[in-house]
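Only one structure is covered here, and it is reproduced in the block below.
The values are calculated or read from the model by the stated rules, or taken from the named source; none is laboratory data. Every value quoted in this text rests on a predicted model; they were computed, and no experiment measured them. For neighbour counting, all protein chains shown are included, and Cβ atoms are generated from backbone atoms with ideal geometry for every residue, glycine included. Surface accessibility is based on the protein's heavy atoms, side chains included, excluding ligands, DNA and RNA. Shrake-Rupley method; radii C 1.70, N 1.55, O 1.52, S 1.80 Å.
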Amino acid sequence: MSSRYDAVYARSLEDPDGFWGEAAEDVHWYKRWDKVLDDSRKPFYRWFTGGVTNTCYNALDLHVENGRGDQPAIIYDSPVTGTIETFTYRALRDEVARFAGVLAANGVTKGDRVLIYMPMIPQTVVAMLACARIGAIHSVVFGGFAANELATRIDDAGPRIIVSASCGIEVDRVIAYMPLLERALEISRHQPEKCIIVQRDSLAAPMTPGRDLDWDEEMAKAEPADCVPVAATDPLYILYTSGTTGVPKGVVRDHGGHLVALKWSMKNVYGVDPGEVYWAASDVGWVVGHSYIVYAPLIHGCTSILYEGKPVGTPDPGAFWRVISQHRVAAMFTAPTAFRAIKREDPNAEYIKKYDLSCFRTLFLAGERCDSDTVQWAERHLGVPVIDHWWQTETGWAIGANCVGLGALPVKHGSSTKAVPGYRVLAVDDQARELPRGQIGPLVIKLPLPPGCLPTLWNDDQGYIDSYLSDYPGHYKTADAGFEDEDGYLWIMSRTDDIINVAGHRLSTGAMEEVLAAHADVAECAVIGVADSLKGQLPLGFLVLNAGVERDHGEIVAEVVKMVRERIGPVAAFKTATVVKRLPKTRSGKILRATMQKIADGESYRAPATIDDPAILPEIGEALERLGYPKAASA
Ligand code: COA
Ligand code: AMP
């Protein structure tokens, strides 16, 4: 089949009003929009102003009314608890309406925030959709973050209610959530009025009378609440993501643009039809989970898999194939790191042979740069197209992809194919001038961003401008660097800031440096991301100690490792640091992290002309060799 991509892409940029106006016909509106693209307050673009809708209605009630009531909406598959539970659209709507009633009975109204700190259980999805139902704004915090990170988010979002659970389960370890929540509430200035706690069978959480309510007890006495019409431009959720400092950015998502973009993406990017089974093996705490476990599949009338498990170890590297085969999954989305984990344990893909995967059509990968080896391994053993696509928490859906629904384009390994309709992506110089094809540079997106992308940061319009719009006026800065090749394919090579990608999780090395710097014996520090064959990147810390510190270096390293785990969370996977005499810097005092990274990765490196003292670089190399890193050569 020849691809319709070129024509569709061209139209999306030439006539955004017509293009997105047509796409918007596919969702339900209580009142149609006055304007498709509202550019009256540049650079704050708004989509579908004047429109009135409800995301939960589109995700649930509409399907029940249109005859999908008995179709599974969510299949909760939890190898860690040995549970498989199916919720039809009707059952999920009823649960959601009831929990919306619980929220309403506890004073939550339109515009209030509800913070959700939950594992991968159905109640998490119910809580998110219940917020959407009554126009409350949810903010989901990933379970692998520590109390300190949770507290920062509580203070910024100011939730009226926190919804949490007694525990999460990491393979075979029960992780108690309540101590983390208690600690976060000790640190945070803002206090919620109530906490609603799901008591899981694996662990009973101690409850604080007057503050904590039991999920089941509240549900038993609640009256269901109906959908509340909201403006297309009202916020649906806030999702915090790592910025260049320790303070996370509150990415805001609106109702209308998000509905339209996600609905459009299911058919056109992923090639999936209503009624089919779609699986994003991620976590609801990340943007992939928001968009493609919860909202998009439900808005499109698909069945979505909610998987509480890992690619390996729950119980074996055949876990993904078991789920695909058992639930007849048509398309799956995960991070390359998950495939690297499977490939490492089952290099010859013996487990794939045990399952009937005839239902499976396409594998989508995103979240980090995907190495060709992994893509080719997946292609060879699964026999389906493997599509690498590029996106960010901020955009909420793909910026670059091979839009299989428009007719797949030839795959180039290592490229995320072409810009998705709606996005004009450019590699530019520092004056925002487009670079010749093939030349690497910062990647920007010409404004306006398409529907679904962040309209601003929570309570921080100026931060939105400063972080994304001011460096390249008229453009959104992705903070990724890459290039467009002679065929218009996008190659995403690296970040231009201090963000690293650890097992597909986005983390700030700046935030880790803030933690290390707080250690009493540390005078100066740097954290870099070094290449790792499983997780893509791993953080590595360098410590310069205060003069006169005579303590054992191993002890100090163990202490900072513990501090990062306690303050940021286990998800940071910060396990290695080394003490050095000095850090390499430019004459103006900037730490040469990129050069240190090259040395750690064993690449040949060149001392920059601006370096203050080139003799420090070999010292760094020696420290790394002592840790077992390969020897790097000076070019
Ligand atoms: N709650 C509490 N702790 C959590 C957690 C959660 N929701 N998620 C992760 N952690 C912990 C892990 O238990 C681990 O702790 P440890 O240091 O005590 O072992 C640590 O955080 C790091 O977790 P993770 O990055 O998941 O590494 P892992 O070694 O446990 O597993 C993979 C490695 C590759 C199997 C795993 O990262 C994976 O499945 N990745 C898929 C990628 C993905 O979902 N990306 C999301 C974007 S698409
Ligand atoms: P997150 O906000 O957690 O989704 O992380 C977004 C970042 O992950 C992007 O800015 C990229 O650096 C990286 N990323 C996501 N998808 C890809 C991809 N397909 N190829 C390369 N990098 C990617």
Next item on the list: Six or more apart or on different chains, Cβ under 8 Å: which pairs go from a residue in the range 464-481 that's within 15 Å of Leu449 (Cβ to Cβ) to one that's at pLDDT below 95 and acidic (Asp, Glu)? Could you list them?
Entry: Ala479/Asp497
Notebook entry, point to check: From the set of residues in the range 362-386 that are in a loop (DSSP other than H, G, I, E, B) and within 15 Å of ligand 1 (Cβ to nearest atom), which is farthest from Gly250 (Cα to Cα)?
Noted result: Asp371
Notebook entry, point to check: Only one of (1) over 19 Å from Ser242 (Cβ atoms); (2) touching a Pro at 6+ places or on another chain (Cβ under 9 Å) fails for Lys412. Which number is that?
Noted result: (2)
Check: In the range 96-125, what count of residues is obtained for those that are more than 26 Å from the chain's Cα centre (by Cα) and without any contact (Cβ under 8 Å) to a residue 60 or more places away in the chain?
Finding: 2
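Hey, among Asp471, Asp461, Asp388, Asp487, which residue is farther than 23 Å from Leu37 by Cβ, within 23 Å of the chain's Cα centre (by Cα) and either open to solvent by 20 Å² or more (accessible area, probe 1.4 Å) or of a type in the set (A, V, I, L, M, F, W, C) (or both)?
Values: Asp471 fails: within 23 Å of the chain's Cα centre (by Cα); Asp461 fails: farther than 23 Å from Leu37 by Cβ; Asp487 fails: within 23 Å of the chain's Cα centre (by Cα).
Exactly one residue qualifies, and that residue is Asp388.
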Check: Does any residue in the range 12-26 that is open to solvent by 70 Å² or more (accessible area, probe 1.4 Å) come within less than 6 Å, Cβ to Cβ, of a residue that is of a type outside the set (Ser, Thr, Tyr) and part of a helix (DSSP H, G or I) six or more places away or on a different chain, and which pairs are these?
Finding: Asp26/Lys263
Next item on the list: Return the total of residues in the range 310-349 being in a loop (DSSP other than H, G, I, E, B) and either on the phi < 0 side of the Ramachandran plot or among the acidic types (Asp, Glu) (or both).
Entry: 12
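Just need a number here: residues in the range 387-412 that are assigned to a loop (DSSP other than H, G, I, E, B) and more than 12 Å from ligand 2 (Cβ to nearest atom). Talk me through it step by step, then tell me what you get.
At the first step, the residues of the range 387-412 found to be assigned to a loop (DSSP other than H, G, I, E, B) are 389, 391-399, 402-403, 407-412.
In the following step, the residues that additionally are more than 12 Å from ligand 2 (Cβ to nearest atom) were identified as 403, 407-412.
Residues meeting the conditions: 7.
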Next item on the list: Residue by residue through the range 282-298, note down the ones that are open to solvent by 10 Å² or more (accessible area, probe 1.4 Å) and under 22 Å from Arg133 (Cβ atoms).
Entry: Val287
Check: closer than 27 Å to Ser164 by Cα and more than 9 Å from ligand 1 (Cβ to nearest atom), is that true of Val284?
Finding: yes
Checklist line | Among (1) within 16 Å of ligand 2 (Cβ to nearest atom); (2) modelled with pLDDT of 95 or more - the single one Leu298 does not satisfy | finding: (1)
Checklist line | Among the residues listed as Asp497, Asp460, the single one being touching a Lys or Arg at 6+ places or on another chain (Cβ under 9 Å) and either away from ligand 2 (no atom under 14 Å from the Cβ) or under 22 Å from Thr595 (Cβ atoms) (or both) | finding: Asp460
